[in-house]
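Written below as structure tokens is the structure these notes are about.
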Amino acid sequence: MAAGKARDSARATKAAVVAHRGAAAESAGPVWTALNASDKSSNDITQFGAHTPMMRPAQPEELAPAYVFLASAQCSSYITGEILPIIGGHAGG
């Protein structure tokens, strides 16, 4: 919890510092994708992503458009200091 708050504070500070230069500081995450499963047990692999509302991990092709959106000046030029949540749905709460 404390690490998350520190990360949010650092992101907000960075966004404030670079905004006057016409730059943005945003991010996407947390991301649930199994890109390197070679060091996991077969049970871990089958259960990976099961705790998300979509009950599966994200695929790289599902994540790429979010990063393109954030990198595009035409799409996100007025967005800074935000986190685009790519979390496979919202569990509520």
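Table: residues versus (1) at pLDDT 70 or above; (2) out of contact with any strand residue (DSSP E or B) (no Cβ under 7 Å at 6 or more places or on another chain); (3) of a type outside the set (D, E, K, R); (4) at positive phi.
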residue: Arg21; (1), (2), (3), (4): yes, yes, no, no
residue: Ala24; (1), (2), (3), (4): no, yes, yes, no
residue: Ser42; (1), (2), (3), (4): yes, yes, yes, no
residue: Ala50; (1), (2), (3), (4): yes, yes, yes, no
residue: Glu62; (1), (2), (3), (4): yes, yes, no, no
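I need the full set of residues from segment 69-88 which are aromatic (Phe, Trp, Tyr) and either touching a Gly at 6+ places or on another chain (Cβ under 6 Å) or not in a helix (DSSP H, G or I) (or both), in order please.
Tyr78
Residues of segment 44-82 being within 21 Å of Arg21 (Cβ to Cβ), surrounded by 11 or more Cβ atoms within 10 Å (Cβ to Cβ) and touching a residue at least 24 places away in the same chain (Cβ under 8 Å), which ones?
Of everything in segment 44-82, those that are within 21 Å of Arg21 (Cβ to Cβ), surrounded by 11 or more Cβ atoms within 10 Å (Cβ to Cβ) and touching a residue at least 24 places away in the same chain (Cβ under 8 Å) turn out to be Leu70, Ser76, Ile79, Thr80, Gly81, Glu82.
How many residues are over 19 Å from His90 (Cα atoms) and acidic (Asp, Glu) if we restrict to segment 48-73?
1
The values are calculated or read from the model by the stated rules, or taken from the named source; none is laboratory data. Since this is a predicted model, take the numbers as computed values, not measurements. Quick reminder, even Gly has a Cβ in these numbers, built from the backbone with ideal geometry, and neighbours come from all protein chains shown.
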